[in-house]
1. Given the criteria open to solvent by less than 30 Å² (accessible area, probe 1.4 Å), at pLDDT below 95, under 12 Å from Phe157 (Cβ atoms) and not acidic (Asp, Glu), does Gly44 qualify?
2. Evaluate the following for Val158: is it at negative phi, open to solvent by less than 70 Å² (accessible area, probe 1.4 Å) and touching a strand residue (DSSP E or B) at 6+ places or on another chain (Cβ under 8 Å)?
3. Filter the stretch 52-78 down to residues that are in a loop (DSSP other than H, G, I, E, B) and in contact with a Leu (Cβ under 8 Å, 6 or more places away or on another chain), then give me how many there are.
4. Take the residues of the stretch 119-155 that are in a strand (DSSP E or B) and open to solvent by 50 Å² or more (accessible area, probe 1.4 Å): which is farthest from Ala72 (Cα to Cα)?
5. Check off (1) of a type outside the set (Phe, Trp, Tyr); (2) within 20 Å of the chain's Cα centre (by Cα); (3) open to solvent by less than 40 Å² (accessible area, probe 1.4 Å); (4) farther than 17 Å from Gly43 by Cβ for Pro116 and give me the number that stays unchecked.
6. Among Gln81, Gln98, Gln33, which is the only one that is at pLDDT 95 or above and on the phi < 0 side of the Ramachandran plot?
Amino acid sequence: MTSILFSRRNLLAAGGAVLATGASGPLLPARAQGLAPTASMSGGANNYRKGAAVVERIGKGGFWMSGTVRRAGDGTPLAGQRIQIWAHTTEGQEHEPQSHGATLTDKDGKFRLEMPQIIPVFGQPHGHLAYDSGEFKTVFLRPVMRSPKETSLEAHFVLQPA
């Protein structure tokens, strides 16, 4: 069995070797850097309806909106957070009540809600999402799809306390 002798001389020699080799950064375990909060997007609040109901699905479905919700700073997933979703779809325009619904994040901070296919309005296929529960600062997102043929869209929230 090999034994390691920790003496002052051995520790000084090891420290000098590290400095001589040009090692940079701390010799402590790596830690996550601060995660910046998500900023609200221009146009994200258009046609927002305060208090939209939590639903199993919007309309007949066929399109999936999904994402994550984490806390700014440490990136901890946030469970039970309410995310409202709305869009211009094959079944309704984004200002109509049937085009709105909300869902809650799971234990891993993930959400997923089925809705009708998003179609272009003003030349862009896009969705709207909002976090507005009050525990954290309100954030509105307006992600744009690369193509109106896509059948899913993701949006990710990093929230800071209110």
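The values are calculated or read from the model by the stated rules, or taken from the named source; none is laboratory data. This is a predicted model, so every value here is computed, not measured. Positions of Cβ are generated from backbone atoms using ideal geometry, with glycine treated the same way; all protein chains shown enter the neighbour counts. Remember, those area values only see protein heavy atoms, side chains included, never the ligands or the DNA or RNA. Shrake-Rupley method; radii C 1.70, N 1.55, O 1.52, S 1.80 Å.
1. Criteria met by Gly44.
2. yes
3. Total satisfying the criteria: 6.
4. Among residues in the stretch 119-155 that are in a strand (DSSP E or B) and open to solvent by 50 Å² or more (accessible area, probe 1.4 Å), the one farthest from Ala72 (Cα to Cα) is Gln124.
5. Looking at each condition in turn, Pro116 falls short on (2).
6. The match here is Gln81.
A quick yes/no check of all residues on (1) basic (Lys, Arg); (2) within 21 Å of Pro37 (Cα to Cα):
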position: Arg71; (1), (2): yes, yes
position: Thr76; (1), (2): no, yes
position: Ile83; (1), (2): no, yes
position: His88; (1), (2): no, no
position: Ser99; (1), (2): no, no
position: Thr105; (1), (2): no, yes
position: Val121; (1), (2): no, no
position: His126; (1), (2): no, no
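Yes/no matrix, rows are residues, columns are (1) over 18 Å from Glu150 (Cα atoms); (2) among the basic types (Lys, Arg); (3) open to solvent by 20 Å² or more (accessible area, probe 1.4 Å):
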{"site": "Val55", "(1), (2), (3)": "yes, no, yes"}
{"site": "Thr76", "(1), (2), (3)": "yes, no, yes"}
{"site": "Ile85", "(1), (2), (3)": "no, no, no"}
{"site": "Arg112", "(1), (2), (3)": "no, yes, yes"}
